[in-house]
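**Student:** Sending over a structure as structure tokens; questions will come in a sec.
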Amino acid sequence: MTGFLIYKIVIVVIVFAMALVIAMYSTYAERKVSAVMQDRVGPNRAGPFGLLQPLADGLKMFMKEEIIPNVANKWLFILGPCIAMLTACMTAVVIPFGSGLVFDGQLYPMQITDINIGVLYLFGVVSIGVYGIMIGGWASNNKYSLLGALRASSQMISYEIAMGLAIIALIMTTGTLSLSEIAKQQDAGFANVVYQPLGFLIFLICAFAETNRAPFDLPECETELIGGYHTEYSSMKLGFYLFAEYINMFISSAILATLYFGGYNFPFQHEVQEFLGLGQNAFALLQTVLLFGKIFFFIFFFMWVRWTIPRFRYDQLMHLGWRILLPLSFLNIVLTGLGMWATGQLH
Amino acid sequence: MLTNRSKIVVKKEMSFLEKLWIPAILSGMMITFKHIFYKKATVRYPDQKRPFAPVYRGLHVLKRDENGAERCTACGLCAVACPAEAITMIADERQKGEEALYREEKYASMYEINMLRCIFCGLCEEACPKEAIFLTDRTVPSEFLRETFIFGKDKLVEKIDQPIDVRIRQTQDVLEFKTDPVPLHNQMYNGQ
């Protein structure tokens, strides 16, 4: 029992620390990536190559004056960024980071908890994430914040449907909602993206919309809405909102890698394991490293898209969500069903 | 169609592939990816300073001669030449025993340039018959008060132990120009 508790505490601390550090350095990476894509150098003053820049930014955020508007609903105003941050962190719980470590002949999975409805849990928590933005925008008592919050919530709702339907097609092929099961299945066969290319594309586009990243970053918009839902926020409460976006990006990348790109598995992994003569623990760590390679690629991809594509107009955004992605995801489900029927895989 | 520069706009329906936008997005992303490897345009300023142009006209200096005496004789030609009326001076007579300080019998006891008025045209330098005032490749430092921009002799005269190199602006053209008895810009008045 104590062993179990220690194991859980250790893995929880590791996963959250990792998520926070990665989100922290995503802010740095974002600035570096945007810089090199625009032929600039980017932050390079704080520490070697500017590596201490995130710490400097964090310090700056803490040092700023904290302003709560008189007309704001104080509790909701504070609750908003808390929810955004909390839900962003909570999603890391179900992601499997490796096939498991063995100590004293006992297998410890590298996942905080393996609930059998992992995908549903993810969707539930991610949908609560929009409340953070909505409550924050509403409680600010400012028309621009409210407009930003409205945009954010309508955008998230419309894209969540297409996202969920894309996942349904995936779940039809995997037959399970547990993320560790889905990852394990991709060990035997190909990665799911081979079976679900259209679903992957829909999921990817929706992931951009869910994380409020460009080209779907309409909730925050300097020219139209001053700042969007966080117009009235200052100090670390603003920092929480911005930070939550980066954690969300990390989680979305991890989910994309897990659901569609084999999770912690990599091609010919057992041959590689045999060839190198690795034990289970070393092998699991190698898997984790490669999983992070995939995750970092997706994080880079998020940034890459942000610094390439101009944003959508709001009606184009809604048009894409409801009139293109939604029918496409239905089509995807039908095609998946037909394919499964043709190959005799119907469960 | 006079200039042959007008473009004929063709408004054709987009093909299915174009309507997907994905090829266009991918080609755009390839462009941004290529730019990662491009040469950076940034000059990392405090570490790396771009040299001024050889003809750059910055903060003035009042030169001393090879013995360390001030060259300026307060003739006032610079003040007369100055289009912005930035230069003020008071002349004084050199006393006995001050030969090491001032080169000639007359010197400027007060010499001020208002750096907010100055337009850094370099006419004072051109007018100076004693090779005393030069514009250098230094910049006027920023200050908070207007008064501090009136630079007196304490800031303008070069320190004896830190002579300021003005050779960068003394290009061959400038030297020739100074020795020319009929300067180029006066030739038109002489009908030449």
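The values are calculated or read from the model by the stated rules, or taken from the named source; none is laboratory data. Since the structure is predicted, the reported quantities are computational estimates derived from the model, not experimental observations. As a convention, Cβ positions derive from the backbone with ideal geometry for all residues, glycine included, and neighbour counts pool all protein chains shown.
Every residue, every condition in (1) under 30 Å from B:ASP137 (Cβ atoms); (2) loosely packed, with under 11 Cβ neighbours inside 10 Å; (3) modelled with pLDDT under 90, yes or no:
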residue: B:SER6; (1), (2), (3): no, yes, yes
residue: B:VAL10; (1), (2), (3): no, yes, yes
residue: B:MET14; (1), (2), (3): no, yes, yes
residue: B:ALA24; (1), (2), (3): no, no, yes
residue: B:ASP65; (1), (2), (3): yes, no, yes
residue: B:ILE87; (1), (2), (3): yes, no, no
residue: B:LYS96; (1), (2), (3): no, yes, yes
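**Student:** Looking at B:PHE52, B:PHE33, can you tell me which residue is within 45 Å of the chain's Cα centre (by Cα) and at pLDDT below 85?
**Tutor:** Testing whether each residue is within 45 Å of the chain's Cα centre (by Cα) and at pLDDT below 85 leaves just B:PHE52.
**Student:** Run B:VAL9 past the list (1) over 28 Å from the mean Cα position of the chain (by Cα); (2) touching a residue at least 12 places away in the same chain (Cβ under 8 Å) and report the number of the one that doesn't hold.
**Tutor:** Among (1) over 28 Å from the mean Cα position of the chain (by Cα); (2) touching a residue at least 12 places away in the same chain (Cβ under 8 Å), B:VAL9 violates only (2).
**Student:** State whether the residues of the range A:167-177 include one that is under 30 Å from A:TRP138 (Cβ atoms) and at pLDDT 80 or above.
**Tutor:** For the range A:167-177, residues under 30 Å from A:TRP138 (Cβ atoms) and at pLDDT 80 or above: present.
Here is a yes/no grid of residues against (1) crowded, with 23+ Cβ neighbours inside 10 Å; (2) not in a helix (DSSP H, G or I):
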site	(1), (2)
A:PRO219	yes, yes
A:PHE243	yes, no
A:TYR246	yes, no
A:MET249	yes, no
A:ILE255	yes, no
A:HIS270	no, no
A:MET303	no, no
A:THR308	no, yes
A:PHE312	no, yes
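**Student:** Condition first: surrounded by 10 or more Cβ atoms within 10 Å (Cβ to Cβ), of a type in the set (A, V, I, L, M, F, W, C), in contact with a Pro (Cβ under 8 Å, 6 or more places away or on another chain) and under 30 Å from B:ASP154 (Cα atoms). Can you find one or more residues in the range B:36-54 that meet it?
**Tutor:** Within the range B:36-54, not a single residue is surrounded by 10 or more Cβ atoms within 10 Å (Cβ to Cβ), of a type in the set (A, V, I, L, M, F, W, C), in contact with a Pro (Cβ under 8 Å, 6 or more places away or on another chain) and under 30 Å from B:ASP154 (Cα atoms).
**Student:** Out of curiosity, is A:ALA29 of a type in the set (Gly, Ala, Ser), touching a Phe, Trp or Tyr at 6+ places or on another chain (Cβ under 9 Å), within 14 Å of another protein chain (Cβ to nearest Cβ) and surrounded by 17 or more Cβ atoms within 10 Å (Cβ to Cβ)?
**Tutor:** Answer is yes for this residue.
**Student:** When the residues of the range A:205-256 are narrowed to those that are among the charged types (D, E, K, R) and within 22 Å of A:GLY293 (Cα to Cα), which ends up modelled with the highest pLDDT?
**Tutor:** The extreme case among them is A:GLU245.
**Student:** Pairs needed: first member in the range B:36-62, more than 14 Å from chain A (Cβ to nearest Cβ); second member anywhere, assigned to a loop (DSSP other than H, G, I, E, B) and β-branched (Val, Ile, Thr); C-beta distance under 6 Å; at least 6 residues apart or different chains.
**Tutor:** Correct list of pairs: B:ARG50/B:VAL43; B:GLY58/B:THR136; B:GLY58/B:THR139; B:LEU59/B:THR136; B:LEU59/B:VAL140; B:VAL61/B:THR136; B:VAL61/B:ILE164.
**Student:** Which residue out of A:TYR144, A:TYR159, A:TYR108 is closer than 26 Å to A:LEU259 by Cα, over 21 Å from the mean Cα position of the chain (by Cα) and in contact (Cβ under 8 Å) with a residue 60 or more places away in the chain?
**Tutor:** Among A:TYR144, A:TYR159, A:TYR108, only A:TYR108 is closer than 26 Å to A:LEU259 by Cα, over 21 Å from the mean Cα position of the chain (by Cα) and in contact (Cβ under 8 Å) with a residue 60 or more places away in the chain.
**Student:** If I ask for residues that are aliphatic (A, V, I, L, M), more than 30 Å from A:LYS74 (Cα to Cα) and surrounded by fewer than 18 Cβ atoms within 10 Å (Cβ to Cβ), which ones from the range A:141-170 would you list?
**Tutor:** A:ILE161, A:ILE168 - these are the residues of the range A:141-170 that are aliphatic (A, V, I, L, M), more than 30 Å from A:LYS74 (Cα to Cα) and surrounded by fewer than 18 Cβ atoms within 10 Å (Cβ to Cβ).
**Student:** Need at least 2 residues that are under 23 Å from A:MET249 (Cα atoms), touching a helix residue (DSSP H, G or I) at 6+ places or on another chain (Cβ under 7 Å) and aromatic (Phe, Trp, Tyr) per element, so show me which helices (runs of 4 or more DSSP H) inside the range A:164-215 make the cut, counting only ones lying wholly within it.
**Tutor:** Counting at least 2 such residues, we get A:197-210.
**Student:** Let me ask something else. Quick check: anything in the range B:67-82 farther than 19 Å from B:ILE168 by Cβ, in a loop (DSSP other than H, G, I, E, B) and of a type in the set (Asp, Glu)?
**Tutor:** Within the range B:67-82 (the criterion being farther than 19 Å from B:ILE168 by Cβ, in a loop (DSSP other than H, G, I, E, B) and of a type in the set (Asp, Glu)), the answer is no, since none of the residues qualifies.
**Student:** What is the one condition in (1) under 28 Å from B:ASP154 (Cβ atoms); (2) part of a loop (DSSP other than H, G, I, E, B) that B:VAL61 does not satisfy?
**Tutor:** The failed condition is (2).
**Student:** I'd like to check something: does the range A:289-300 contain any residue that is in contact with an Asp or Glu (Cβ under 9 Å, 6 or more places away or on another chain) and within 14 Å of chain B (Cβ to nearest Cβ)?
**Tutor:** No; the residues of the range A:289-300 include none that is in contact with an Asp or Glu (Cβ under 9 Å, 6 or more places away or on another chain) and within 14 Å of chain B (Cβ to nearest Cβ).
**Student:** Let me ask something else. Going through the range B:12-33 one residue at a time, which ones are closer than 15 Å to A:ILE309 by Cα and either out of contact with any Phe, Trp or Tyr (no Cβ under 8 Å at 6 or more places or on another chain) or in contact (Cβ under 8 Å) with a residue 40 or more places away in the chain (or both)?
**Tutor:** B:LEU20, B:TRP21, B:ILE22, B:PRO23, B:ALA24, B:ILE25, B:LEU26, B:SER27, B:GLY28, B:MET30, B:ILE31
**Student:** Condition (residue is more than 14 Å from chain A (Cβ to nearest Cβ) and within 30 Å of A:LEU320 (Cβ to Cβ)) applied to the range B:1-9: is it met by at least one residue?
**Tutor:** Yes, the range B:1-9 contains a residue that is more than 14 Å from chain A (Cβ to nearest Cβ) and within 30 Å of A:LEU320 (Cβ to Cβ).
**Student:** Specify which of the listed residues (A:PHE103, A:PHE49, A:PHE62) is loosely packed, with under 15 Cβ neighbours inside 10 Å, within 14 Å of chain B (Cβ to nearest Cβ) and not aliphatic (A, V, I, L, M).
**Tutor:** Only one candidate passes the filter, namely A:PHE49.
**Student:** Can you tell me which of (1) surrounded by 14 or more Cβ atoms within 10 Å (Cβ to Cβ); (2) touching a helix residue (DSSP H, G or I) at 6+ places or on another chain (Cβ under 8 Å) is the one B:CYS118 doesn't meet?
**Tutor:** Tallying (1) surrounded by 14 or more Cβ atoms within 10 Å (Cβ to Cβ); (2) touching a helix residue (DSSP H, G or I) at 6+ places or on another chain (Cβ under 8 Å), B:CYS118 fails exactly one: (2).
**Student:** Restricting attention to the range A:1-26, which residues are β-branched (Val, Ile, Thr) and either surrounded by fewer than 18 Cβ atoms within 10 Å (Cβ to Cβ) or within 13 Å of chain B (Cβ to nearest Cβ) (or both)?
**Tutor:** Correct list: A:THR2, A:ILE6, A:ILE9, A:VAL10, A:VAL12, A:VAL13, A:ILE14, A:VAL21.
**Student:** Out of A:VAL71, A:VAL93, A:VAL33, which single residue is of a type in the set (A, V, I, L, M, F, W, C) and under 24 Å from A:ILE6 (Cα atoms)?
**Tutor:** A:VAL93
**Student:** A further question follows. Could you count how many residues in the range B:154-166 are part of a helix (DSSP H, G or I), buried (at least 16 other Cβ atoms within 10 Å of the Cβ) and not aliphatic (A, V, I, L, M)?
**Tutor:** 1
**Student:** Also, quick follow-up: So A:ASN44 passes all but one of these: (1) within 14 Å of chain B (Cβ to nearest Cβ); (2) farther than 30 Å from B:ILE31 by Cβ; (3) polar (S, T, N, Q). Which condition number does it fail?
**Tutor:** That leaves (2) as the condition not met.
**Student:** Let me ask another. Which residue, of B:GLY28, B:GLY58, is at pLDDT 85 or above and over 30 Å from A:PHE312 (Cβ atoms)?
**Tutor:** B:GLY58
**Student:** Could you run through the range A:258-286 and say how many residues are modelled with pLDDT of 85 or more and in contact with a Phe, Trp or Tyr (Cβ under 6 Å, 6 or more places away or on another chain)?
**Tutor:** 1
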